[in-house]
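The values are calculated or read from the model by the stated rules, or taken from the named source; none is laboratory data. Treat the numbers as computed from the prediction; the structure is a model and nothing was measured. Reconstructed Cβ throughout: ideal geometry from the backbone, glycine too, with neighbour counts over all protein chains shown. What goes into the accessible areas is simple: the full protein's heavy atoms, side chains included, and nothing from ligands, DNA or RNA. Shrake-Rupley method; radii C 1.70, N 1.55, O 1.52, S 1.80 Å.
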Amino acid sequence: MFKTKFENSMLEKLSKRQLETLSAVQTANQLFEQLGLSNVSDFMTNVAMQESRLGKDVSNVSYSPFQIDPIRYQDLQEKASAGEQMTIDRANLANKLLELDPKYNKGIDILNLSNDERRDPLIGALLTRMALATIPEKIPSDLSGQAKYWKDHWNSSEGKGKPEHFINQVQFYNKILNTKTYDDTPLQ
């Protein structure tokens, strides 16, 4: 479940793809909570806000509203091929979910997707949650901490994005949606 509450009046401001992105984040987090992973839906929403304007922008290089690059996808494939059980378990759980949805092909394998399949918001959210699970550092709840985490672990030092861009984009969408996808409680 989202930690952040999205009211219907907020959601009416979003496109169909943006709504699909928010739904995909919720679905991916609920699914992987079954394997003991924490709910990082707020951070994933913030990543989608930064990377693709919450799913509105599409890239020809990276995949989905979360802008998963081919190298990150390859890393997940290699972990599974090497027998890393946690990655295999996460992939199997994702595959079971996708097989229940008539939108996807029977026998779909999240670790053997076409480029078009990787652009799908739900598949992107599942892959994003799987990739975040491989990072040992905990995701901060405050916005500046999330911006640094995003830069260090998602955008990379070679990426064009800056933590300030992440903060500005998240604040922009939080204002539009009249919500908070981060913790701004002052430290005591």
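When Leu126 is tested against the conditions (1) under 23 Å from Gln34 (Cβ atoms); (2) in a helix (DSSP H, G or I); (3) open to solvent by 30 Å² or more (accessible area, probe 1.4 Å), the lone failure is (3). Kindly evaluate Ser157 against the criterion of being open to solvent by 40 Å² or more (accessible area, probe 1.4 Å) and part of a loop (DSSP other than H, G, I, E, B). Yes, satisfied. Filtering the range 129-154 to residues that are in a loop (DSSP other than H, G, I, E, B) and either free of Cβ contacts under 8 Å to residues at least 40 places away in the same chain or not hydroxyl-bearing (Ser, Thr, Tyr) (or both) leaves Ala133, Ile135, Pro136, Glu137, Lys138, Ile139, Pro140, Asp142. Could you look through the range 169-188, keep only residues that are under 24 Å from Arg72 (Cβ atoms) and not in a loop (DSSP other than H, G, I, E, B), and pick out the one that is nearest to the chain's Cα centre (by Cα)? Among those that are under 24 Å from Arg72 (Cβ atoms) and not in a loop (DSSP other than H, G, I, E, B), it is Val170.
Where residues in the range 88-112 are of a type in the set (A, V, I, L, M) and over 17 Å from the mean Cα position of the chain (by Cα), which of them is farthest from Lys16 (Cα to Cα)?
Checking each candidate, the answer is Ile88.
Condition check for Asp183 on (1) surrounded by fewer than 15 Cβ atoms within 10 Å (Cβ to Cβ); (2) free of Cβ contacts under 8 Å to residues at least 12 places away in the same chain; (3) closer than 12 Å to Asn46 by Cβ: one failure, at (2).
Counting only helices (runs of 4 or more DSSP H) that sit completely within the range 15-115, zero hold 3 or more residues that are in contact (Cβ under 8 Å) with a residue 40 or more places away in the chain, charged (D, E, K, R) and crowded, with 17+ Cβ neighbours inside 10 Å.
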